[in-house]
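Visitor: Please read through the structure below; I'll follow up with questions.
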Amino acid sequence: MPAHLTTRPEYSLLIDRYDTWMFDCDGVLWHGDRLIEGAVEVLEILRKRGKRILFVTNNASKSRKSYKTKFDVLGVQASVEEIYGSAYASAVYISSVMKLPKDKKVYVIGMAGIEEELREEGVSFIGGTDPADCTLEPFSLSSFSLDPDVQAVLCGLDLSVNYTKLSKAFQYLTRNPGCQFLVTNEDSTFPSADGLLPGAGAISAPLRYALEKDPISIGKPAKTMLDCIQAKVNFDPERTIMIGDRLNTDILFGQAGGLATLLVLTGITSKQDITGPNASPIVPDYVTQSIGDLRVVDGQ
């Protein structure tokens, strides 16, 4: 059973025990454009105590640079180097793990954030926000020209997803030899300011069904994301804690990397999910209602 934290001594001991703090963002620090009460104060407490802070998000709609703008607008201190998103991890995976040749391309179902990170890594791509692909006109194979240089399809959250994008991705994955099927993450939903919405996993689901094939997932809970962080940051897993609102991504990600895990109940996961008769087999080390609860260590 997880330890349910409620008292000042419990929160003080938690803070003393871990040097590196990895935070999910949506559902932990904010909902949409609304901060969770106390989140900024807790981050300030951790920084004052010399803790390393990293932000690990499956949000692939924004690049790290544009995500930094959101932190600034909400008044949350963060540097670009502290932010690790699934769009960035996907770009690093394609350039450094797949080692995609410079003359090859990626077909993107996704938004500008993915494109920016691919560009930063020197990866060529088509699709994405191209107006020719962002259309509601019927798709016709007779007018489609297959680009033989496409060697991967990368699918993330796409608020302009349509039949044309899905059809083109399907063609590349079935007709281009060796074309890799990649997804930034497999989140079924994500928490907006006004409630849950379909996530990146729901965007790639039609392709999985049509192909009868599972993709390679880059974001949480896949270890690929942690490998990306470890390549840039030196930390001791035994002195590191992952804070998240979702069992099958954040908590599973922490556990797979040998990290301690803290579940907050301000996002996807409810108390019933961890204590009810149908409780998940994924059990975090610690549970608290909100990240703001940690303010108590400074008497707030």
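Visitor: At a 1.4 Å probe, what is the % contribution of carbon and sulfur to the accessible area of the stretch 1-160?
Guide: Of all accessible area on the stretch 1-160, carbon and sulfur atoms account for 52 percent.
Visitor: So, by mean Cβ neighbours within 10 angstrom, what's the order for 251-260, 148-157 with the highest one leading?
Guide: Answer by packing, highest mean first, reads 148-157, 251-260.
Visitor: Counting other C-beta atoms within 10 Å, and keeping those with at most 15, which DSSP coil GluC sites (Glu not before Pro) do you find in the stretch 178-262?
Guide: Sites meeting the loop and neighbour criteria: 212.
Visitor: Angle, helix 8-17 long axis vs. longest principal axis of the chain, Cα atoms, 0 to 90°, nearest 10?
Guide: Computed tilt is about 60 degrees.
Visitor: Hey, another quick one. About the Cα centre of the chain, what is the dipole size in debye to 20, counting +1 per Lys and Arg Cβ and -1 per Asp and Glu Cβ, all else neutral?
Guide: 400
Visitor: Applying 1/(1 + (r/R0)^6) with R0 = 22 Å to the Cβ-Cβ distance of residue 129 and residue 81, what FRET efficiency is obtained, to the nearest 0.05?
Guide: With R0 = 22 Å, the Cβ-Cβ based efficiency is 0.25.
Visitor: Sort 241-249, 125-133 by the packing proxy (mean of other Cβ within 10 Å over each peptide's residues), most packed first.
Guide: Put in order of decreasing packing, that is 241-249, 125-133.
Visitor: Give a residue-ordered list of calculated ³J(HN,Hα) values for the stretch 94-105 (Karplus: 6.51 cos²θ - 1.76 cosθ + 1.60, θ = phi - 60°; whole Hz; x for Gly, Pro).
Guide: Result, rounded to whole Hz: 5, 7, 9, 9, 5, 6, 4, x, 5, 8, 9, 10.
Visitor: Keeping every protein chain present and rolling a 1.4 Å probe, give me the accessible area per residue for the chain in Å².
Guide: 44
Visitor: List every residue whose amide H lies under 5 Å from the amide H of residue 23, counting only residues 5 or more places away in sequence or on a different chain, with H placed 1.01 Å from N in the peptide plane.
Guide: Answer set, sorted by chain and number: 54, 55, 56, 243.
Visitor: Taking amide hydrogens as modeled 1.01 Å from N in the peptide plane, which residues meet the under 5 Å criterion relative to residue 192, leaving out close sequence neighbours?
Guide: Counting only residues 5 or more places away or on other chains, the set is 197.
Visitor: Could you tell me the extents of the stretch 201-300's C-alpha atoms along the three principal axes, largest first, rounded to whole Å?
Guide: Its Cα atoms span 55, 39, 21 Å along the three principal axes.
Visitor: Could you run the Debye sum over the Cα atoms of the chain, one equal point scatterer each and no solvent, and tell me log10 of I(q)/I(0) at q = 0.12, 0.14 Å⁻¹, two decimals?
Guide: Log-scaled intensity ratios, in q order: -0.77, -1.01.
Visitor: Could you order peptides 270-280, 71-81, 100-110, 216-226 by the average number of other Cβ atoms within 10 Å of their residues, highest first?
Guide: Values: 270-280: 12.0, 71-81: 13.6, 100-110: 20.4, 216-226: 23.8.
Descending mean neighbour count gives 216-226, 100-110, 71-81, 270-280.
Visitor: Next up: Mind listing the phi-derived Karplus ³J(HN,Hα) values for the stretch 127-136, rounded to whole Hz, using 6.51, -1.76 and 1.60 with θ = phi - 60°, and x for any glycine or proline?
Guide: For the stretch 127-136, the Karplus-derived couplings read x, x, 8, 4, x, 5, 9, 8, 9, 9 Hz, x marking Gly and Pro.
Visitor: Rounded to two decimals, what ratio of Rg to Rh does the stretch 1-112 give with C-alpha atoms and a Kirkwood Rh? Spell out each step's value before the answer.
Guide: Values: Rg = 17.1 Å, Rh = 16.2 Å.
Looking at the stretch 1-112, the ratio lands at 1.06.
Visitor: Would you grab the residues whose amide H sits under 5 Å from the one on residue 185? Only those 5+ places off in sequence or on another chain, please, with H modelled 1.01 Å from N.
Guide: 218, 219
Visitor: Can you pull the Kirkwood radius for the stretch 116-170, inverse mean 1/r over Cα pairs, to one decimal in Å?
Guide: 12.4
Visitor: I would also like to ask the following. Taking 0.36 nm per intervening residue step and subtracting the Cα-Cα distance, what contour gain separates residue 205 from residue 66 on full extension?
Guide: Residue separation times 0.36 nm, minus the Cα-Cα distance, leaves 47.4 nm.
Visitor: Provide the gained length on full extension for the span residue 99 to residue 192, in nm with one decimal, where the gain is 0.36 nm per separating residue minus the Cα-Cα distance.
Guide: 30.0 nm
Visitor: For the stretch 36-44, take each phi angle, set θ = phi - 60°, evaluate the Karplus expression 6.51 cos²θ - 1.76 cosθ + 1.60, and give the result in whole Hz per residue in order, putting x for glycine and proline.
Guide: Running phi through 6.51 cos²θ - 1.76 cosθ + 1.60 with θ = phi - 60° gives 7, 3, x, 4, 5, 4, 5, 4, 5 Hz.
Visitor: A follow-up question, please. Roughly what % of DSSP beta bridges within the stretch 1-146 run antiparallel, to the nearest 5? Working shown, then result.
Guide: On the way: 2 of 14 bridges.
Within the stretch 1-146, antiparallel bridges account for around 15 percent of the total.
Visitor: Could you work out how far the C-alpha centroid of the stretch 69-130 sits from that of the stretch 232-300, in angstrom?
Guide: So the two Cα centres are separated by 26 Å.
Visitor: Can I ask one more? In this model, which of 65/232; 102/232; 168/213 are farther than 21 Å apart at the alpha-carbon?
Guide: Those over the limit are 102/232.
Visitor: Could you bin all the Cα-Cα distances of the stretch 67-202 into 10 Å bins starting at 0 and give me the percent of pairs in each, rounded to whole numbers?
Guide: Pairs per bin, as whole percents: 11, 39, 34, 13, 3, 0.
Visitor: Starting from the Cα-Cα distance between residue 231 and residue 216, subtract it from 0.36 nm times their residue separation and give me the gain in nm to one decimal.
Guide: On the way: separation 15, 0.36 × 15 = 5.40 nm, distance 1.97 nm.
Value of the extension gain: 3.4 nm.
The values are calculated or read from the model by the stated rules, or taken from the named source; none is laboratory data. Everything quoted here is computed from the prediction, not taken from an experiment. Quick reminder, even Gly has a Cβ in these numbers, built from the backbone with ideal geometry, and neighbours come from all protein chains shown. These area figures cover heavy atoms from the full protein model, side chains too; ligands, DNA and RNA do not enter into them. Shrake-Rupley method; radii C 1.70, N 1.55, O 1.52, S 1.80 Å.
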